[in-house]
Amino acid sequence: MNSQLMTHNPARTATDSLLRLSWGIFKVGAVAFGGHAALVVMVERFLVTEKKLLSSEEVLNAMSLATLLPGPLAVNVVCYLGYRLHGWLGACAFFMAITAPPTLLMVAIAAWYYQAADQAGAGGSNRFVLLAVAAVILSTGAALYKKQVGKDVTGLFLSILAFATTLLYRGFTGSVVLILVGAAVGYIAYREEPGPTIRVPHTASRSVAGPVILTLLAIVLIGYLLGGYRLVPYGSWQVLSVFSGMSLTLFGGGMVIIPYMQSILVDELHWLPVKEYVDAIAFGQVTPGPILVSVTFIGYKIAGIVGALLATLAIFVPSASLMIVLAQYINYRHAGIKAVFKGIRPVVIGMILAAGVQLVLAIPHFSWAAVLFGLAGLAGLSFGRLNPIYLILLGFMIDFIF
């Protein structure tokens, strides 16, 4: 079963070397404050709007699939997009580019923390950064809505439903239910719609490494569920065993995984006291990238720099590999599959818009200056050519100075 989404097109990527693209992803990873939604929309702007290498549909399809799979949504999507453009080499390059900035920063924070244990906590206000990220998310969500939904009444209904539900109910279960509702409505409403006939070259869509990867991941998962990590000696090997298994069982991401990780790392394995665990989560929130980069901090405590790197690789690589392999078995040209994802896209767009509003609501202290900054940024992004990276860096500088 061939997949249009998985077909590699060298002509589309000939103008951009992998090194140049990876550098762009690295810059996004360095300023992607605000969680997975901020990271994904900034990557979408870079690869779709700026470079025109992918379509919005491809990014939204990737987000839809990542929502149903374990692991950090943003990193999974970015690795998948790297695979779309340059195969497994692209996936590896994009992974290193998107995770390097928060990983290096977290290693530095961990080194400082354990050399000055009496100093802990994140500190400082981050109003302008949060509003800058919210502006990026809202402007991108609005652009996606205009392009993907437009005047479609069914899409409007699904977007409003997803927007309201995400604001009122935060949790993995709600996200999955919304995705399933979107899939069901899309299948019913769009299945009979005629679509343009597109001739796609016959290309092998499934990697020969897929079955091997799935087998290895199954072994890791079964070993983890059976508690095999308890038999591994304390140190770097146990770090690798624990976090690689977690990677395949962490559904929901974000705040959902905090109590789950605490039950294993603090209560069962006694790797660190509650205070240090809370500090690790706090540092994960104020650094760019996904909150799961907190495991870098924990790995550093267990086995130094080696432990930090192993923890980072273990928590991200298994789930990203799973998504890339599973995506190869989906035929996006099939009428039913196309209808399902057409119904899911408005749901994802509603979730993106809700994520932007949630960031605005999370502003610690009201400030007219910050509000005006956010509105100006939103206008510059929506009606001008303002680069979101510069807006976020400006917000960070203002927060740091004032």
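At 0.36 nm per residue, and after removing the present C-alpha to C-alpha distance, how many nm does the segment from Tyr234 to Ala376 gain when stretched out fully?
Answer, rounded to one decimal: 46.0 nm.
Once the Cβ-Cβ distance between Ser263 and Phe366 is put in as r, and R0 is 35 Å, what FRET efficiency do you end up with, to the nearest 0.05?
Once rounded, the FRET efficiency stands at 0.45.
Which FRET efficiency value, to the nearest 0.05, is calculated for Gln115 and Leu167 with the Förster distance at 45 angstrom and r the Cβ-Cβ distance?
After rounding to 0.05, the efficiency reads 0.60.
With a 1.4 Å probe and every protein chain kept in, tell me what percent of the accessible surface of the stretch 20-68 is carbon plus sulfur.
Ligands and nucleic acids excluded, carbon and sulfur reach 59 percent.
Which percent of the accessible heavy-atom area of the stretch 280-328 goes to carbon and sulfur, probe 1.4 angstrom?
The computed percentage sits at 76.
Heavy-atom accessible area per residue, the stretch 28-85, 1.4 Å probe: how many Å²?
Each residue of the stretch 28-85 exposes 20 Å² on average to a 1.4 Å probe.
Work out, step by step, the length gained on full extension between Thr49 and Val153: first 0.36 nm times the residue separation, then minus their alpha carbon distance; give nm to one decimal.
Difference between extended and current length: 34.9 nm.
Applying the Karplus parametrisation 6.51 cos²θ - 1.76 cosθ + 1.60 with θ = phi - 60° to the phi angles of the stretch 131-140, what ³J(HN,Hα) value in whole Hz is obtained for each residue in order, glycine and proline being reported as x?
Per residue, the Karplus-derived 3J(HN,Hα) values read 5, 5, 5, 4, 5, 4, 5, 5, 5, 5 Hz.
Mind checking the full-extension length gain between Ala108 and Val357? Use 0.36 nm per residue of separation minus the Cα-Cα distance, one decimal, nm. The partial results should precede the final answer.
Details: separation 249, 0.36 × 249 = 89.64 nm, distance 3.15 nm.
Using 0.36 nm per residue and subtracting the Cα-Cα distance, I get 86.5 nm.
Let me make sure I get this right: for the stretch 270-311, a, b and c are the square roots of the gyration tensor eigenvalues over alpha carbons, sorted descending. Under 1.5 in a/c it's rounded, otherwise prolate if a/b > b/c, else oblate. Which is it?
Values: a/c = 2.57, a/b = 1.13, b/c = 2.28.
Here the stretch 270-311 falls in the oblate category.
Rounded to the nearest whole Å², what accessible area per residue is found for the stretch 323-402 with the 1.4 Å probe?
Value returned for the stretch 323-402: 52 Å² of accessible area per residue.
Rank by packing, highest mean first: peptides 155-167, 89-101, 72-84, with packing defined as the count of other Cβ atoms within 10 Å averaged across residues.
My ranking of the peptides, most packed first, is 72-84, 89-101, 155-167.
By its C-alpha gyration tensor, with a ≥ b ≥ c as the square roots of the eigenvalues, how is the stretch 67-106 shaped: rounded for a/c under 1.5, else prolate for a/b larger than b/c, else oblate?
Working: a/c = 3.11, a/b = 1.16, b/c = 2.69.
Because a/c hits 1.5 or more and a/b fails to exceed b/c, the stretch 67-106 counts as oblate.
The values are calculated or read from the model by the stated rules, or taken from the named source; none is laboratory data. Just so you know, these numbers come straight off a predicted model, no measurement behind them. Cβ sites come from the backbone with ideal geometry, for glycine too, and all protein chains shown count toward neighbours. The protein model used for the area step is the full one, side chains on, heavy atoms only, and it has no ligands, DNA or RNA in it. Shrake-Rupley method; radii C 1.70, N 1.55, O 1.52, S 1.80 Å.
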